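Accompanying notes for the structure given below.
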Amino acid sequence: GGPLPHMMAAKAVAFEEASTDSFQTYAAQIVENAQALALGCIDAGLTVLTNGTDNHLLQIDVTPFNLNGRQGEALLREARITLNKNTIPFDPNGPWYASGLRVGTPALTTLGMGPEEMQEIAAIMGNVLSNARPLKLTKGRNAGQFSKIRYKVKDGVLEDAQQRASNLLSRFPLYPELDLDVLQQAFA
């Protein structure tokens with residue numbers, strides 16, 4: 001241990017960046033987006049813990065959908081929304097399966113998204129989660145019980161969510177300066 005020079009340099013650069021007006025604006029936009037996302041999730045029928053947020057993230061309880069966090073995370077990943085499962089207070093599913101989802105807005109804000117896009121993301125999430133159910137196991141010693149991993153989604157819901165997420169991402173590309181056609185030709 002000890003003060004490592006590269007770590008001190010990294011902190012100095014980070015502190016310098018954090019002291020700029022543009023970073024202050026960016027940080028405020030992150031919180032505004034998180035608040036818009038929380039309100040959108042509530043409007044979409046999701047249970048947002050603390051009924052909102054004052055920072056860059058929020059937590060959603062998925063137990064009202066008879067799902068666990070692991071299933072919710074996998075469902076939304078299939079819908080092209082990346083987040084992670086997370087325990088909630090007094091979690092009935094424990095940390096392995098969890099009962100919540102943790103959603104943050106810094107990456108979305110970096111892409112240039114704002115409150116309008118947060119509403120769309122919340123609507124996509126609400127539609128996917130409300131149209132999914134755990135699968136009932138038909139074989140093995142747990143036959144007749146609900147799976148803690150597998151799930152089923154109403155026909156067309158995931159395809160619709162994927163299209164809506166793709167539409168958002170096409171308007172806010174990760175690296176707009178990259179020419180994807182050139183990359184595809186180079187690695188084809």
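Summary of values
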| quantity | calculated |
| --- | --- |
| Filter pass, THR82 being surrounded by 14 or more Cβ atoms within 10 Å (Cβ to Cβ) and at pLDDT 95 or above | no |
| Number of the exception - GLN184 against (1) open to solvent by less than 80 Å² (accessible area, probe 1.4 Å); (2) without any contact (Cβ under 8 Å) to a residue 40 or more places away in the chain | (1) |
| Any chance PHE23 is outside any helix (DSSP H, G or I) and open to solvent by 40 Å² or more (accessible area, probe 1.4 Å) | no |
| Only listed residue being part of a loop (DSSP other than H, G, I, E, B) and either open to solvent by less than 90 Å² (accessible area, probe 1.4 Å) or without any contact (Cβ under 8 Å) to a residue 12 or more places away in the chain (or both), chosen from PRO3, PRO64 | PRO3 |
| Any hit, segment 147-154, residues being part of a loop (DSSP other than H, G, I, E, B), surrounded by 12 or more Cβ atoms within 10 Å (Cβ to Cβ) and of a type in the set (A, V, I, L, M, F, W, C) | no |
| Checking PHE90 against (1) in a helix (DSSP H, G or I); (2) over 13 Å from the mean Cα position of the chain (by Cα), the condition it does not meet | (1) |
| Per-region count, segment 97-123, residues open to solvent by less than 10 Å² (accessible area, probe 1.4 Å) and part of a helix (DSSP H, G or I) | 2 |
| Test: residue in segment 126-138 that is touching a strand residue (DSSP E or B) at 6+ places or on another chain (Cβ under 7 Å), open to solvent by 70 Å² or more (accessible area, probe 1.4 Å), over 20 Å from GLU32 (Cβ atoms) and modelled with pLDDT under 95 | yes |
| Qualifying residue in segment 122-130 (condition: hydroxyl-bearing (Ser, Thr, Tyr) and farther than 15 Å from THR63 by Cβ) | no |
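A quick yes/no check of all residues on (1) of a type outside the set (D, E, K, R); (2) within 23 Å of PRO176 (Cβ to Cβ):
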{"position": "LEU46", "(1), (2)": "yes, no"}
{"position": "ASN55", "(1), (2)": "yes, no"}
{"position": "GLN59", "(1), (2)": "yes, no"}
{"position": "PRO64", "(1), (2)": "yes, no"}
{"position": "GLU78", "(1), (2)": "no, no"}
{"position": "THR87", "(1), (2)": "yes, no"}
{"position": "GLY104", "(1), (2)": "yes, yes"}
{"position": "ILE121", "(1), (2)": "yes, yes"}
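The values are calculated or read from the model by the stated rules, or taken from the named source; none is laboratory data. Since we're looking at a predicted model, the values are computed, not measured. Neighbour counts run over all protein chains shown; Cβ positions are idealised from the backbone, glycine included. The accessibility values were calculated without ligands, DNA or RNA, using every heavy atom of the protein model including side chains. Shrake-Rupley method; radii C 1.70, N 1.55, O 1.52, S 1.80 Å.
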